[in-house]
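Inspection log for the structure reproduced underneath, given as structure tokens.
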Amino acid sequence: MFEWTGRFDGDEESYHRIFQRVTTESDYEIIKPKDFVLHGFAVDEGVKRNKGRVGAKEAPDLIRKNMSNFPVINSDFSLKDFGNVKCENEDLESAQNMLAKKVAKALSNQGKSVVLGGGHEVTFAHYSGVKNAFPNQKIGIINFDAHFDNREPENGLASSGTGFWQIAQEGNIHSLHIGIQRNSNTRKLFEVADDFGMKYILADEIYSENIPNLLFTINQFLNDCDIIYVTICMDVFNASIAPGVSASAYNGIFADRNFMQIYRRILSSEKIKALDIAEVNPTYDIQERTARLASSIVNEWFMI
């Protein structure tokens, strides 16, 4: 289990940093409403199957480390850490099932689910847990990603690139993909997205003058769903701020005012019950730049 440490400024609540408000747990029955419930998904078997650069399985604890020192903004903030799920003997499906069960337990006890990946094979696992916890609700997925991840599995094997194809096979899919790159998805993948009814915002559409239109689209999506699950693939960001990913993007988006306007609008919705980070790859990171950005993105939810 990860040991949470950080700079100690004092015991008074106003001095607290995240590491002072984390407890490591194993009993899901102690979860209280509005607790943030953390799992690491230390798995990159799906990246390997997708012919990507492996290393993301080492990310969860590095993101935890970079998260530890953030100041606590909300007085009632509580984070319960249930450790990491790992993949044994290349059995991705078992690891995904295990995470799904843990997430469902957390959500059934009215916690808020946070998962630190790992490869983007985390999507199908996390979504499955959300669906199990809210079987009769319309679940909307907001995916910040350069890629659709809607490939059909090769030889029946799921990967980091098949999550949304798998979800679509279970029935109607309700997803909004933000930051999609035209030069990172074949025409076939765009056609599959259209066939599945996957909504998307291209990376090229994220600029200041267009923010009102994007917020309108996002608000419509939020209003149309009962439960929201947010997944952030770090390869959506420019390689200068997120070099440590499997597929870095020279033309990725920036974590600037435009992104923050969109992201914070989404986080402000009380419908959000789950959020994860995917594709941080410490092997290729520079000065933990990508891990730091990932931890900051998660912390935005903590501060709402």
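A short reminder: the numbers here are calculations on the coordinates, not readings from a lab. From a predicted model like this one, the values you see are computed outputs, not experimental measurements. Here Cβ is always computed from backbone atoms with ideal geometry, including for glycine, and neighbour counts include all displayed protein chains.
Miscellaneous remarks
- For residue 177, the amide hydrogen comes within under 5 Å of the amide hydrogens of 143, 199, 200, 201, counting only partners 5 or more places away or on other chains and with H modelled in the peptide plane.
- Cross-link partners for residue 271 among the aspartates and glutamates, with Cα-Cα distance under 12 Å and sequence neighbours closer than 8 places in the same chain left out: 224, 226.
- For the residue pairs 80/102; 80/199; 102/273; 65/101; 86/131, alpha carbon separations beyond 24 Å are given by 80/199; 65/101.
- Label point at residue 303 placed 7 Å out along Cα→Cβ; residues across region 236-275 whose backbone nitrogen lies under 12 Å: 260-261, 264
- Ignoring aspartates and glutamates fewer than eight residues from residue 188 along the same chain, the ones with Cα atoms less than 19 angstrom from its Cα are 145, 149, 152, 154.
- Full-stretch length increase - residue 183, residue 283 - with 0.36 nm per residue and alpha-carbon distance subtracted: 33.5 nm
- For the chain, the mean residue ellipticity at 222 nm estimated from helices alone is -9500 deg cm²/dmol, where every DSSP H run of n ≥ 4 contributes -39500 (n - 2.57) and the total is divided by all residues, rounded to the nearest 500.
- Each label was represented as a point 7 Å from its Cα along the Cα-to-Cβ direction; for residue 241 and residue 97 these points are 4.0 nm apart.
- Coupling constants for region 224-237 follow from the phi torsions by the Karplus curve (6.51 cos²θ - 1.76 cosθ + 1.60, θ = phi - 60°), and in residue order they are 8, 10, 8, 10, 10, 10, 10, 10, 10, 8, 5, 6, 6, 8 Hz; glycine and proline get x.
- Using θ = phi - 60° in the Karplus curve 6.51 cos²θ - 1.76 cosθ + 1.60, the 3J(HN,Hα) couplings for region 126-134 round to 5, 4, 4, x, 4, 5, 5, 7, 10 Hz; x is entered for Gly and Pro.
- Here r is the Cβ-Cβ distance between residue 268 and residue 155 and R0 is 30 Å; the resulting FRET efficiency, rounded to 0.05, is 0.10.
- Shown in residue order for region 78-93 are the 3J(HN,Hα) couplings computed by the Karplus curve 6.51 cos²θ - 1.76 cosθ + 1.60 at θ = phi - 60°: 8, 10, 10, 9, 9, x, 10, 9, 10, 10, 9, 6, 6, 8, 4, 4 Hz (x for Gly and Pro).
- Amide H contacts of residue 276: 115, 230, 231, 232, each under 5 Å away and 5 or more positions distant or on a separate chain (H built 1.01 Å from N in the peptide plane; Pro and chain starts excluded).
- DSSP finds beta bridges in the chain, and of those with both partners inside it, around 5 percent are antiparallel.
- Taking amide H as placed 1.01 Å from N in the peptide plane, residue 81 has its amide H under 5 Å from the amide H of 23, 24, 25, 38, each at least 5 places away in sequence or on another chain.
- Theoretical gain in end-to-end length, residue 29 to residue 260 [0.36 nm per residue, Cα-Cα removed]: 79.7 nm
- Rg/Rg_ref, the chain, where Rg_ref = 2.2 N^0.38 Å and atoms are Cα: 0.93
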